[in-house]
Amino acid sequence: MKPTRVALAIAAATMIATPVFATNGDNLIGLGAQSRALGGTGTAAFYGSENALTNPSLLGKAQGSEFAIGGTLFMPDVKAESDVAGIPTSATSDADTNVIPEVSMYRRINNNWTFGMGMYGTAGMGVDYRDEPALFSATTNLQLMKFVPAFAYNNDNYGFGFAPVIQYGALDINYSGTPGFNGTGVSDDLGFGVNLGAHFDVNPALTVAVAYQSAIDMEYDDQLTDAADGFGLGPCAQCTQTITSDKLEQPAEIKLGVAYDMNNRWMLTADAKQIQWGSANGYEDFNWDDQMVYALGAKYTGNGFWAGFGYNFGEDPIDVLENDPTNPMTTYANQGINLFNNHFFPAITEDHVTVGGGYSLSKTTTLEGAFVYALEVDKTIDTGSISDAFDDGVPNGSVPADGTSHTVEHSQTGITVSLRMNF
C-alpha cells in the first residue's frame, strides 16, 4: 500500500467501525460546526479553514493562521420491516453510532494568497442486521475520507481557489440467505479529484459565490458485482438494469451560494447545489437521479459568542424501478435493485433542521458545536418476484410481483464539536 493511502487509511480508521450515514444521498450536509449549524451552507459564507473543501476561494477572506480539530457523533436510526424471505420481520439496524473526524488549517501567505489544508470524513452509508436471518443478516459499510490541500487568491472584492482532492474509500457488503455469496471482505481504493471556487463581494455586506467539485472515480474489487451475483443481478440479456461493475464514483457537484452580513451581527446564508448521482458510475446502475439540495442558515454574533440555525432539504435521489408485467426477468431485476437500495443503502432522508453556537474561551480559542436532526422518512417497495425466486428458483411463478414488500424507516441525529484556534 502506498504511503498516501496508508495515511488516509489510518485517518479513516479513526471512524468507529460501524457505517456512517450521511444526509444528502451519502454526503454529509456540511463540514465543521458552523456549516452544520447553518443548514450545511458554506459556498459563499466564510466559516474558517473547513472552507477548503466547500469553496476554497473563501480562504482568501482569512487573516493570520488557524487550526481546527473536531468531529461529529452521528446516530442514524434505521428500521426495516419485510416479509421478502417468507417470515414477517421487523428490526432496527445496529449501525447506530459513529464518530466522524475532521482536522483543518489555513495560513495567510501574503496580501493575495492563502494556503489551507484539511482532512475530513465526508460521506458513507450502511446497515447492520447481522442477527436477523430473515433480513439476510445484512451488513454494509461505505466510508469516505478526503485529504484536501487548497490555495486561494484574493483581491479587494473577489477571489478564486483551487484544491486538489485525494479520497480514500472503503466498502464492505456482507449478507447471507442467497446461494453463492458469503462476502469478500473490505475493499478499498484511492481516487483523485479537484475543487474549484470563486467569490465576488458585491458590496461589503453581500457575497455571491460558485464552486465545483469534480467526480472521483472509485472501484471496490468484487464488492458490487459479487453481491449482485448472489441475487442473480449480473449480466442478463432480458433485463434493463443489472450490475456489471465494481465502480462507485463519488459524483460531481455544482454549487451556488449567497451570504449577507449585517453589521457583523447577523449573517444570512443560502446555498443551492446539484449532486450528479445520475451520471456517476455505479450510482446510475442503482437508478439514482441527480439531486438538488437547498440550504438556508442564519447566524448571530455577539460579544464572545455566536448562535445559528438552519434548514436543509434534498429530495430522495433514489428512483424506484417499476414492475414490467410483460417481462418477469425485468421485474425481478428491477425489484432486486430496489431492494439493494432500500435495505442495504437506504440514503433516503430529505428534511434536516440544524442549530448550533460557539463560545470564545480566550482571544484565540473558540469552542463550537452543532446539532443536526434529519426528520424520519419511510419508503416501501415491492419484493414479490424476489420472494417467488427464493421459493422455487424461478421469478415468475405463482406469487404475484407485488405479493411481498420491504419498508425502511430512517431518521438521523448528529452532534458536532470542534475547537478552533486562531493565531
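The values are calculated or read from the model by the stated rules, or taken from the named source; none is laboratory data. The structure presented is a predicted model; accordingly, all values stated were derived computationally and were not measured. Note: ideal-geometry Cβ built from the backbone for every residue, glycine included; neighbour counts use all protein chains shown. All accessible areas refer to the heavy atoms of the entire protein, side chains included, with ligands and DNA or RNA removed. Shrake-Rupley method; radii C 1.70, N 1.55, O 1.52, S 1.80 Å.
Things to note:
- Test: A211 is surrounded by 20 or more Cβ atoms within 10 Å (Cβ to Cβ), hydrophobic (A, V, I, L, M, F, W, C) and at pLDDT 95 or above: yes
- Matching option when the condition is under 22 Å from F67 (Cβ atoms) and modelled with pLDDT of 90 or more, among G193, G118: G118
- Those residues of the range 76-104 which are farther than 15 Å from G121 by Cβ and not in a loop (DSSP other than H, G, I, E, B), in sequence order: D77, V78, K79, A80, E81, S82, T89, S90, A91, T92
- Check on V399, of a type in the set (V, I, T), open to solvent by 20 Å² or more (accessible area, probe 1.4 Å), under 18 Å from S82 (Cα atoms) and at pLDDT below 90: yes
- Filtered by the rule that a residue be crowded, with 24+ Cβ neighbours inside 10 Å and hydroxyl-bearing (S, T, Y), the range 58-111 gives T72, S82, S93, S104, Y106.
- Condition met for V372 (among the hydrophobic types (A, V, I, L, M, F, W, C), at pLDDT 95 or above, open to solvent by less than 20 Å² (accessible area, probe 1.4 Å) and closer than 27 Å to S82 by Cβ): no
- Exclusive hit being of a type in the set (D, E, K, R), on the phi < 0 side of the Ramachandran plot and at pLDDT below 95, set D222, D229: D229
- Some residue of the range 255-275 being over 30 Å from L38 (Cβ atoms), touching a residue at least 60 places away in the same chain (Cβ under 8 Å), open to solvent by 50 Å² or more (accessible area, probe 1.4 Å) and in contact with a strand residue (DSSP E or B) (Cβ under 7 Å, 6 or more places away or on another chain): no
- Of the residues making up the range 310-333, one or more are within 14 Å of the chain's Cα centre (by Cα), modelled with pLDDT of 90 or more, more than 30 Å from R265 (Cβ to Cβ) and among the aliphatic types (A, V, I, L, M).
- Considering the range 276-304, and only residues there that are within 11 Å of P317 (Cα to Cα) and polar (S, T, N, Q), the residue that is surrounded by the most Cβ atoms within 10 Å (Cβ to Cβ) turns out to be Q291.
- Of the residues making up the range 232-266, those that are in a strand (DSSP E or B), touching a Phe, Trp or Tyr at 6+ places or on another chain (Cβ under 8 Å) and either at pLDDT below 85 or more than 23 Å from A280 (Cα to Cα) (or both) are A259, W266.
- A307 meets the conditions (1) among the aliphatic types (A, V, I, L, M); (2) open to solvent by 20 Å² or more (accessible area, probe 1.4 Å); (3) at pLDDT below 95 in every case but one. The failed one is (3).
- Within the option set G177, G185, G161, being in contact with a Ser or Thr (Cβ under 6 Å, 6 or more places away or on another chain) and either surrounded by fewer than 20 Cβ atoms within 10 Å (Cβ to Cβ) or modelled with pLDDT of 95 or more (or both) holds for one residue only, G161.
- One residue stands out in the range 402-422 among those that are over 30 Å from G48 (Cβ atoms) and at pLDDT 70 or above: the one that is surrounded by the most Cβ atoms within 10 Å (Cβ to Cβ), namely H410.
- Selection count, the range 121-159, where residues are of a type in the set (A, V, I, L, M), more than 20 Å from the chain's Cα centre (by Cα) and farther than 22 Å from E66 by Cα: 3
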